[in-house]
Amino acid sequence: MIPSGGRSAPDVLAELRARQAADVDWRDGRVFSLVYHAGDAHEELVKDAHAIYASANLLNPIAFKSLKQLEKEIVEAAGALFHHPGAVGAVTSGGTESYRDRARRKKPWILWPELVVPQTIHPAFDKAAHYFGVKLVKVGVDREQRADVRAMAKAIGWRTIGLVASAPQYPHGVIDPIVEIGALAERHRLPFHVDACVGGFVLPWLERMGRALPRWDFRVRGVTSISADLHKYAYAGKGASLLLWRSLDDFRDQIFVATDFPGGIYASPTLLGTRPGGPIAAAWAALQTMGEAGYLDLTARAIEAADRLRAGISTIPGLALLGRPDATIVAYTGDEIFALADRLEARGWSVDRQHRPTSIHLTVTANHAAIVDEYLADLHACVAEVRANPQLAKSGTAPMYGMAAKLPVRRLVARNVRKVIAELYK
């Protein structure tokens, strides 16, 4: 309820802090994908930068010239990082609609457009395709969980408007064969989008550190566009992502224009209309204060933590790592993996469960360097608990996740999940 009289600011802020007490403890590294924490001082900087532009709105770049300049400098920095200083783009939330509009301009006879993607593509593409009337044609992956290029080639048809792959894909942390898919895109004269939302601001630093990585960015000629989340490994504030294009001609299909509105001409280069200034300013501040040295240090700590976790998990009988990850994602499987997840949560860890194959997922950041030994010790103990008590696989959330992973009728799974989510909004 809105109070009849306003409460004091200190009272309201105190209540907000108190309400956080029941949330998961992400500052101490017990969350692996939802928060990217680079330290308390950096968090305060991001908050302060966000606050300075909290009321700014980039819907009108003429009114907020300084905010547009911040966005321009972010795009330029990312373009240079991805080996194409001439890249153009915007701080945005997605780009599937851009490929659809490009197809409408260049191939207007395609009424039911299709994108060819690997089955490991992020579900954000499913959501965008659902919203914008684009069909995803999904193909399989190889034993290392990388996109099957031959299968993608066979899936291309006259309705195909583009190809999509990941660097790396989220479930297992492996980079799809971008070079080969890029050549396929060139051969068929199709645009090719690389989803580097996870990897965009960690892969370049890993490469500079000497890690051997396949090429994935604008050095691959067939790559048309790249998405990269600033709020992940750029350690910016939440709600900041980038969509970069190789050329201005490609970018223009991202711009929506309405000319008949009585309120005047309306134009927007992103899915969002109102474009909050806070996340853009916070992202700019993060890039400026971290610098190359800061990001190299954060990446070194993150990859060391990931390597230590992989090494420790591989020594536990009954557990097995999935894929051959190129970055800082760790995924592992084993017997009664969902019962194991329940036991880890009982010890205070936030656990990301996966299926196909069933597994546990860890997105490792610099903040996790301090908890590797504690996590591995708890993992050993939880494996022993599950082996000693087979009934654990029939209690807690394990049966629910196990059933959801095995049910052949995916619409039934979706209906049940939709019901659970809807209940949260009662």
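Remarks
- Diffusion coefficient of segment 98-199 by Stokes-Einstein, Kirkwood radius over Cα pairs, 37 °C, 0.692 mPa s: 243 µm²/s.
- Hits among aspartates and glutamates - C-alpha to C-alpha of Lys154 under 16 Å, sequence gap 8 or more where chains match: Glu114, Asp142, Glu180, Glu186
- Between the amide H of Val139 and those of Val117, Gln119, distances stay under 5 Å, these residues lying 5 or more places away or on another chain, with hydrogens modeled in the peptide plane.
- Euclidean distance of C-alpha centroids, segment 1-55 and segment 113-151, integer Å: 36
- Listed values for segment 135-152 are Karplus-derived 3J(HN,Hα) couplings in whole Hz (6.51 cos²θ - 1.76 cosθ + 1.60, θ = phi - 60°), namely 8, 8, 9, 9, 10, x, 10, 7, 5, 8, 6, 8, 4, 7, 5, 4, 5, 5, and x replaces Gly and Pro.
- Once the Cα-Cα distance is subtracted from the 0.36 nm per residue extended length, the Arg7 to Glu76 segment shows a gain of 20.4 nm.
- The candidate values are (1) 34, 29, 23; (2) 43, 24, 20; (3) 35, 27, 19; the one derived from this structure for semi-axes √(5λ) of the Cα gyration tensor in Å carries the label (1).
- With the simple spin-label model, which puts each label point 7 Å out from Cα in the Cβ direction, the Arg208 to Arg356 separation comes to 3.7 nm.
- Cross-link pairs Lys72/Lys106; Lys127/Lys232; Lys107/Lys238; Lys47/Lys426 - those with Cα-Cα distance over 25 Å: Lys72/Lys106; Lys107/Lys238; Lys47/Lys426
- Computing FRET efficiency as 1/(1 + (r/R0)^6) for Arg150 and Lys419, where r is the C-beta to C-beta distance and R0 is 41 Å, gives about 0.55.
- Long-range HN-HN contacts of Ala327 with modeled amide H, under 5 Å: none
- Protection proxy ranking for 165-178, 129-142, using the average of other Cβ atoms within 10 Å per residue and placing the highest first: 165-178, 129-142.
- Linear extension gain, Arg215 paired with Tyr131, 0.36 nm per residue minus alpha-carbon span: 27.1 nm
- Per residue, the average separation of C-alpha pairs within less than 8 Å and at least 6 apart gives the chain a relative contact order of 19 percent.
- Contour minus Cα-Cα distance for His83 and Ala377 (0.36 nm per residue): 101.7 nm
- Per-residue HN-Hα couplings for segment 325-333 [Karplus 6.51, -1.76, 1.60; θ = phi - 60°; Hz; x = Gly/Pro]: x, 9, 10, 9, 9, 10, 9, 9, 10
- Estimated FRET transfer efficiency (Ala183, Lys238; beta-carbon r; R0 30 Å; 0.05): 0.25
- Under-5 Å amide H pairs with Leu319, H placed in peptide plane, nonlocal only: none
- Backbone N under 17 Å from the Ser33 label point (7 Å along Cα→Cβ), restricted to segment 189-222: 195-200
- Working note: Karplus 6.51/-1.76/1.60 with θ = phi - 60° gives segment 8-24 the couplings 6, 4, x, 5, 5, 5, 5, 5, 4, 5, 5, 5, 6, 4, 8, 6, 5 Hz, where Gly and Pro are set to x.
- Distance from segment 285-362 to segment 234-277 (C-alpha centre basis), Å: 34
- Sorting Asp250, Asp335, Asp40, Asp307 by accessible area puts them as Asp335, Asp40, Asp307, Asp250; the probe is 1.4 Å, largest comes first, and only protein heavy atoms count.
The values are calculated or read from the model by the stated rules, or taken from the named source; none is laboratory data. No experiment lies behind these values; they were computed from the predicted model shown. Neighbour counts are summed over all protein chains in view; Cβ atoms, including those assigned to glycine, are modelled from backbone coordinates with ideal geometry. Ligands, DNA and RNA are stripped out before the accessible areas are found, and what is left, the full protein with its side chains, is counted by its heavy atoms. Shrake-Rupley method; radii C 1.70, N 1.55, O 1.52, S 1.80 Å.
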